[in-house]
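Heads up, the thing below is written out as structure tokens.
The values are calculated or read from the model by the stated rules, or taken from the named source; none is laboratory data. Note that the structure is a prediction, hence the values are computed from the model and not measured. Quick reminder, even Gly has a Cβ in these numbers, built from the backbone with ideal geometry, and neighbours come from all protein chains shown. Ligands, DNA and RNA are stripped out before the accessible areas are found, and what is left, the full protein with its side chains, is counted by its heavy atoms. Shrake-Rupley method; radii C 1.70, N 1.55, O 1.52, S 1.80 Å.
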Amino acid sequence: MAGDALFASVSLLLHGNGSNGSTTFTDSSSSPKTPTVNGNAKISTTQSKFGGTSMYFDGTGDYLAYAASADFGFGTGDFTLEGFFRFDSVATDTGLFDFRSSGGSDVGTFFMETSSKKLAFYYGTMLGGTGATALTTGTWYHIALCRAAGTTRCYLDGVEQWNSGSSYNFGSSRPLGIGGSVATGLFGTSPMNGYIDELRITKGVARYTSGFSAP
């Protein structure tokens, strides 16, 4: 993700770098943010996609929580959520990106559904599932969710999994959870058990609108 011409639009950029066991998660975007680190979330040298380290979540209360920010308030505009993910186990719905202030139909959460092992987005209505690929453990995947001109597309290793023209509004400001929920009353639910590397959020830009070669 080096040499990014869209860097000015990046809201969050986590390379997952650091010393083994560190609980410092450095945001390399132009507007750095510091998360509340929950559970045992940490930097690990056990697995990585690039650079020898990644972010590790053990599936028992580990997640990163970012305060509500205009950088995550996409409104009805374009955006891109992406990163490299490696799952150790899947015992429940696995949260990747969570923007909910509360439960129910609040916008929205991007996750892997526990029974199908497929990627989905929920905002009171579920997007995804049909025609998508079931994920497995022990494999690094590039996962991306993009919205362009009102159409949301989900990609796995550059291959479109599903798309939808459903309209939903993030509003002007949103909290963010990585690896678990930040919705009031649901803190830490949908925990991830595995590793994340090179996570990036881009506001106002859909980086992918068709199939592509993952980095």
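Annotations for the structure displayed:
- Per-residue HN-Hα couplings for region 73-83 [Karplus 6.51, -1.76, 1.60; θ = phi - 60°; Hz; x = Gly/Pro]: x, 6, x, 9, x, 6, 6, 9, 10, 7, x
- Solvent-accessible area, 1.4 Å probe, carbon plus sulfur percent, for the chain: 48
- Part-to-part distance (alpha-carbon centres) for region 127-160 and region 48-63, which is given in Å: 20
- With K and R counted +1 and D and E -1, the other residues having a Cβ less than 15 Å from that of residue 92 yield a net charge of -4.
- Selection from 205, 109, 50, by position along the positive dipole direction of the chain (Cβ): 205
- Largest-first ordering by accessible area, 1.4 Å probe, given options 56, 66: 56, 66
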